[in-house]
1. Choose one answer from B:91, B:37, B:138: the residue with the largest mean-square fluctuation in a GNM of chain B with alpha-carbon springs under 10 Å.
2. Would you mind getting the Kirkwood hydrodynamic radius of region A:1-147 from its Cα pairs, rounded to one decimal in Å?
3. Take every Cα pair under 8 Å in chain A that's 6+ residues apart, average their separations, divide by the length, and report that relative contact order as a whole percent.
4. Express the Stokes-Einstein translational diffusion coefficient of chain A in µm² s⁻¹, to the nearest whole number, given a Kirkwood radius over alpha-carbon pairs, 20 °C and a viscosity of 1.002 mPa s.
5. Over region A:45-94, what relative contact order in percent results from Cα pairs under 8 Å that are six or more residues apart?
6. For region A:105-173, what does the relative contact order come out to in percent, with C-alpha contacts under 8 Å and a separation of six or more?
7. Considering only C-alpha atoms, what is the centroid distance from region B:58-124 to region B:20-34, in Å?
8. Translational diffusion coefficient of region B:1-113 at 37 °C, 0.692 mPa s, Stokes-Einstein with Kirkwood Rh over Cα pairs, in µm²/s as a whole number.
């Protein structure tokens with residue numbers, strides 16, 4: 001017994017797949033990179049300027065090369081992640097916010113390296129954070145170095161897998177060099193990819209020069225590519241959910257083709273954060289009920305192809321928590337988890353990922369633990385059906401005094417006390433935000449991350465110095 | 001041996017508890033010692049763990065049941081003993097009031113009282129006011145326990161207290177009330193002697209009220 005949501009029937013999945021092949025063959029994609037266009041042409045695509053049409057056979061051939069298992073290695077192998085996961089998603093911080101909510105003063109201000117370091121430390125401590133997105137940007141670094149510094153700071157302050165953003169081939173190269181220094185060389189890094197990278201298409205059906213060239217660079221090095229499509233129903237995709245799923249799916253298949261042309265062994269994660277648009281303002285509407293439905297559809301499509309997925313992302317991320325929003329978000333996260341997504345990025349983020357908060361990170365970790373309880377698997381067996389016990393108790397009795405009850409209830413029934421959560425514990429008079437803040441401070445002053453070996457550290461510092469000279 | 005009995009009770013193992021008690025008796029250990037050093041500490045520890053929110057109802061109840069089973073073996077031995085013998089902490093008549101079919105809560109309280117050393121007469125559910133009076137006359141208990149799980153049957157607790165007064169029995173018996181809608185304020189209003197929130201509190205209250 002296990003709960004998993006479904007939105008599409010098998011017939012509907014196949015229609016979306018067929019339509020995706022038709023879109024790629026007839027409409028095609030725009031690729032703003034001569035190099036990548038050339039690569040695609042060499043592999044059978046028809047290229048006219050930057051318009052690339054991918055024949056059905058080329059996509060189908062690519063599909064035979066799908067990596068059904070993806071390995072996300074960590075600095076500490078105890079935190080290695082193997083996808084598909086154990087039936088519940090590995091969660092990460094949301095990311096790359098330019099702002100942070102100051103822990104002491106509660107005000108929003110531009111984020112710095114120091115903030116990212118603190119988030120990494122807390123992320124290292126929290127079990128709910130299975131891998132790490134650099135949740136805030138190190139805004140004190142030069143813009144061209146931000147993504148590289150984010151990776152460097154994350155590596156130093158966290159023992160878990162890092163999934164960073166990567167917006168140019170130069171950044172990709174430096175990130176690979178930095179990670180190779182930590183892994184013990186590029187071949188070691190290929191075996192143990194210590195980071196993966198989010199490089200997204202631009203909906204509809206467009207690949208920017210820098211991101212698509214970054215994709216190719218990463219794929220060649222065996223770094224898992226995470227093309228997070230953000231198609232928005234009504235603006236960058238048709239207003240229909242079927243049409244939006246189609247655009248998103250075509251973009252994922254197009255990325256798969258690009259990545260596999262660069263390196264047939266390259267791993268990719270089927271990734272989406274697609275949503276309805278608010279057609280009064282044109283902005284994304286993460287509140288819309290279509291949001292979790294689209295995520296559910298994407299998870300099904302990813303499973304159809306057998307590609308590990310990162311398609312559903314927890315809470316609405318919009319406001320600092322109060323108790324009602326905390327409780328509402330538990331259900332949102334439960335629904336997100338029940339899509340069956342392998343990875344999910346949402347912890348600690350505010351205002352649609354523009355802002356981030358350490359206090360929210362603590363609260364979200366609590367939501368995670370509660371939501372996991374809904375994903376437990378239950379056995380149907382002679383023992384759990386309890387036919388003989390039901391017969392022994394008979395109609396009208398009760399099961400409280402049965403040995404069977406004593407031996408099973410702790411495993412099957414949720415016994416955690418409500419007051420064990422920061423939010424619902426009304427004892428002591430302090431608000432949950434104060435308690436969460438206290439916990440953040442406790443972690444920051446007590447938790448330490450083992451330092452990187454001095455020789456390796458030096459090598460990484462050398463890479464950073466060279467990068468600063470070239471990019472900075 | 002006492003420690004083993006205590007452990008078996010804590011684990012809610014009625015069969016093992018009974019075997020251990022029989023073995024202890026065969027070894028010639030004083031039944032009163034078995035009760036006071038093995039059984040009672042076991043069930044009291046279960047109560048403490050329940051209060052500390054480590055034990056849950058099934059664990060509390062199976063510990064109570066194991067103790068009850070041990071007492072069934074010990075009781076004849078204790079009563080046979082000429083030197084002083086054993087006396088229960090007191091007799092309790094308990095039941096769910098008329099019109100109310102809720103059984104489990106009342107039974108848990110009855111079971112825990114028995115395990116703690118009270119002599120309990122459980123009248124079951126849907127017990128009329130008249131039946132309570134008859135049984136109180138017949139049994140002369142120290143305590144009567146009235147359970148009500150519905151707001152619509154709570155008033156029956158008051159009815160029993162009034163009947164005790166008009167029969168001139170009120171001075172002879174302490175009245176304890178319980179049940180989900182029942183509160184301390186309600187107990188006071190209807191002139192009961194006490195209210196307990198759960199089975200462990202009920203045992204404590206019963207002990208306190210008789211001292």
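Readers should treat all values here as calculations from the given coordinates under stated rules, not as data from a laboratory. Everything numeric here is computed off the predicted structure, so don't read it as measured data.
1. In the Gaussian network model the winner is B:138.
2. The answer is 19.8 Å.
3. On the way: 940 pairs, mean separation 88.5, N = 472.
Once divided by the residue count of chain A, the mean separation gives 19 percent.
4. 92 µm²/s
5. Working: 30 pairs, mean separation 9.8, N = 50.
Contact order relative to length: 20 percent.
6. Working: 88 pairs, mean separation 24.4, N = 69.
Here the relative contact order equals 35 percent.
7. Rounded to whole Å, the Cα centres lie 20 Å apart.
8. Working: Rh = 14.7 Å.
Reported coefficient: 223 µm²/s.
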